[in-house]
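To keep things clear, I will list the structure first and then write my remarks on it.
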Amino acid sequence: MTFKKRILCIGAGYVGGPTMAVIADKSPDVRVELVDINAERIAAWNSDHLPIYEPGLDEVVKRNRGKNLFFTTDTDRGIAESDIIFVSVNTPTKTFGQGAGLAADLQYWEKTARQILRASTSDKIVVEKSTLPVRTAEAMDRILNSNGSGPHFEVLSNPEFLAEGTAIEDLLDPDRVLIGGMNTPKGQKALDDLEAVYASWVPRDRIIRTNVWSAELAKLVANAFLAQRVSSINAVSALCERTSADVGEVAHAIGLDSRIGPKFLKASVGFGGSCFRKDILNLVYICRQHGLAEVAAYWEAVVAMNDHQQDRFVARMISEMFNTVAGKRIAIFGFAFKADTGDTRESPAIRVCRHLLEERAEVCITDPKALDNAARDLGPDTPGVVHAQDPYKAAEGAHAIAVMTEWKDFQALDYQRIYDSMEKPAFVFDGRNILDHAKLHKIGFNVYPIGKAALTHV
Ligand code: NAD
Ligand code: UGA
């Protein structure tokens, strides 16, 4: 079959994989190829066991793989043959040198740019899909177009707003697709071409065109605003615990104000995920670079509050369990940073477990999808860490259950059976407020929700 267009995506991860699978699904006349330096990941994309868990993803991949959706490690060929190249490589927080702990580590990104330059023999549209500091497109443009006489590269910004666990839904029915380009004839033509890709299934009025810097910055700001809401409600949860107000009732009452809205007001043990923390810290770094110390401090407080919420959770566990958890088994219900994903990057469970291990507790982790990642995060064979696929096994002989992830499976368990198998007094620390607290209390548990009065038997 001859294809109308050829798209390449460099980086077959949580964003590249689902996004390209949906483009292929919606545009049978477009050839979509994904490449990655991680050969194991590519092999998994070509197997029955995809490298990431995401509801609905298996079906979309299997429907299109081998037809117009391909996964390979042959990056140079892929670059040479494509018209549009999405770059969706990881952009983690820098761990060394200038900006360590704050700035985005752009080494993978720059390597990709240089590889595109080396392997290209014709003009390309290069699309920033990764989340990048504002004005990265300028650096990209300078690297790519420094030759003068070679092919021309038009750099666009098209940040991704999907959330894990709902990636396919978000891609199929996005609130908006944001595309930013240069205000030149070539820039506008490239925007038209990219818009046409999305217009196969996204209504035109939801495809927003901006200048390239606004698109880059809007992505960082969207994540900062979302994380800020979680930190704000978590700050309120601490006050609720001191005043007998109920954070659920407060969130409901304020969320009915249409100016505030009801979403992203669930108090929790803290936000996790690969991006909120990294993107806010990146924003903080950019503000500092521009001499905006107060603006940087404002956003940095969102991350500080998130750390505090996790530390506060563990401190409460220790103090309520008679000031010691040493030698006590704690069942960790959930390790993923949110439900419906196996992703554990920056999961609050990591920090909570590390604190508990420092206090010499034994943690027994159960999670429907994230046990492999949990083992990697805490280190294989770490003393004090046990895994159990079955939550009943995880709770057996435990002094406490700590709910870290809002998996629905945890709501459906037989808590009388669990209670009977635990040490007494038995504690539940519900870091997601998902369980039926009154029912648990009636069974005999001492229950500690987030931002609500504890239900105890003493
Ligand atoms: P990821 O780590 O899952 O995937 C990135 C992939 O890029 C990896 O498989 C890695 O091997 C590959 N890679 C790195 N350098 C490469 C190179 N030179 N050539 C080929 N492959 C290379 O990361 P992700 O979660 O998909 O995130 C990618 C970007 O998207 C990040 O900038 C992130 O901030 C942003 N983002 C992520 C999400 C999310 O939900 N995870 C949502 C929106 C935006
Ligand atoms: C988030 C954004 O929602 C996406 O728009 C963005 O594309 C993505 O980051 C990214 O750039 O990586 P994601 O991290 O996958 O998506 O998941 P969210 O649903 O945003 O949840 C993030 C964290 O906040 C989770 O740990 C979640 O449990 C927590 N959260 C969320 C709360 O504690 N309370 C809430 O009310 C909402």
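Values quoted throughout were computed directly from the atomic coordinates according to the rules given, and no laboratory measurement underlies them. Quick caveat: nothing in here was measured; it's all calculated off a predicted structure. Using ideal geometry, Cβ is built from the backbone for each residue, glycine included, and neighbour counts are taken over all protein chains shown.
Amide H contacts of Gly451 (H built 1.01 Å from N, in plane; Pro and chain starts excluded): Glu241 sit under 5 Å, all sequence-distant by 5 or more or on other chains.
Rounded to whole Å, give me the distance from the Cα center of the stretch 135-206 to that of the stretch 227-242. Between the Cα centre of the stretch 135-206 and that of the stretch 227-242, the gap is 36 Å. With neighbours defined as other Cβ atoms within 10 Å of a residue's Cβ, the residues Phe70, Phe264 order from fewest to most as Phe264, Phe70.
So how tilted is helix 276-289 from the main axis of the chain? Cα-based, degrees 0 to 90, rounded to 10. Taking the Cα atoms of the chain, the angle to 276-289 is about 60 degrees.
Less than 5 angstrom separates the built amide H of Asn446 from those of Ala426, Phe427, Val428, all sequence-distant by 5 or more or on a different chain. Shown here are the Rg and Dmax of the Cα trace of the stretch 172-284, at 18.6, 61 Å.
Ordering of 11-22, 130-141 by packing is 11-22, 130-141, highest average first (other Cβ atoms within 10 Å, averaged per residue). On the basis of the beta-carbon distance and an R0 of 51 Å, His457 and Ser146 show a calculated FRET efficiency of 0.10.
Dividing the mean sequence gap of close Cα pairs (under 8 Å, 6+ apart) by how many residues the stretch 261-382 holds gives a relative contact order of 27 percent.
Apply 1/(1 + (r/R0)^6) to the Cβ-Cβ distance of Val295 and Met1, taking R0 = 41 Å, and write down the FRET efficiency to the nearest 0.05.
Between Val295 and Met1 the formula returns 0.20.
In a simple Cβ point-charge model (Lys, Arg +1; Asp, Glu -1; nothing else charged), the chain has a dipole of about 480 debye relative to its Cα centre.
Helix content alone sets the calculated 222 nm mean residue ellipticity of the chain: runs of n ≥ 4 DSSP H residues at -39500 (n - 2.57) each, divided across all residues, give -13000 deg cm²/dmol.
Based on alpha carbons, the Rg and Dmax found for the chain are 23.8, 79 Å.
A protection proxy built from the mean count of other Cβ atoms within 10 Å ranks the segments 50-56, 418-424, 363-369, most packed first, as 363-369, 50-56, 418-424. Put the Cα centre of the stretch 331-377 next to the Cα centre of the stretch 45-97 and the gap is 27 Å. Using the Karplus relation 6.51 cos²θ - 1.76 cosθ + 1.60 with θ = phi - 60°, the per-residue 3J(HN,Hα) values for the stretch 360-375 come to 6, 7, 9, 9, 10, 9, 10, 7, x, 10, 10, 5, 4, 5, 4, 4 Hz, with x marking Gly and Pro.
So what's the convex hull volume per residue for the Cα atoms of the stretch 252-411, in Å³?
Expressed per residue, the convex hull around the Cα atoms of the stretch 252-411 is 145 Å³.
In a simple Cβ point-charge model (Lys, Arg +1; Asp, Glu -1; nothing else charged), the stretch 211-458 has a dipole of about 280 debye relative to its Cα centre.
Across the stretch 60-186, C-alpha contacts under 8 Å between residues 6 or more apart give a mean separation that, scaled by the residue count, equals a relative contact order of 21 percent. As a rough guide to protection, the peptides 76-85, 318-327, 425-434 ranked by mean Cβ packing within 10 Å, highest first, stand as 425-434, 76-85, 318-327. Between the amide H of Cys9 and those of Glu33, Leu34, Val35, Phe86, distances stay under 5 Å, these residues lying 5 or more places away or on another chain, with hydrogens modeled in the peptide plane. Positive end of the dipole of the stretch 247-406 (Cβ unit charges, origin at the Cα centre): among Thr382, Gly397, Ser258, the Cα lying farthest that way belongs to Ser258. Dividing the mean sequence gap of close Cα pairs (under 8 Å, 6+ apart) by how many residues the chain holds gives a relative contact order of 11 percent.
Could you give the angle, 0 to 90 degrees to the nearest 10, between helix 107-119's Cα long axis and the longest principal axis of the Cα atoms of the chain? It is inclined by approximately 20 degrees.
Using equal-weight Cα scatterers in the Debye expression, the normalised intensity of the stretch 5-202 in log10 at q = 0.13, 0.17 Å⁻¹ is -0.67, -1.19. Fully extending the segment from Ser47 to Asp372 would add 115.2 nm, taking 0.36 nm per residue of separation and subtracting the current Cα-Cα distance. For every other residue with a beta carbon closer than 14 angstrom to the beta carbon of Val325, add +1 if it is Lys or Arg and -1 if Asp or Glu, then tell me the sum. Here the count lands on 0.
Length available on full extension from Trp201 to Arg135: 0.36 nm per residue minus the Cα-Cα distance, which gives 20.8 nm.
Taking the C-alpha atoms only, the angle from helix 212-243 to the longest principal axis of the chain is near 10 degrees.
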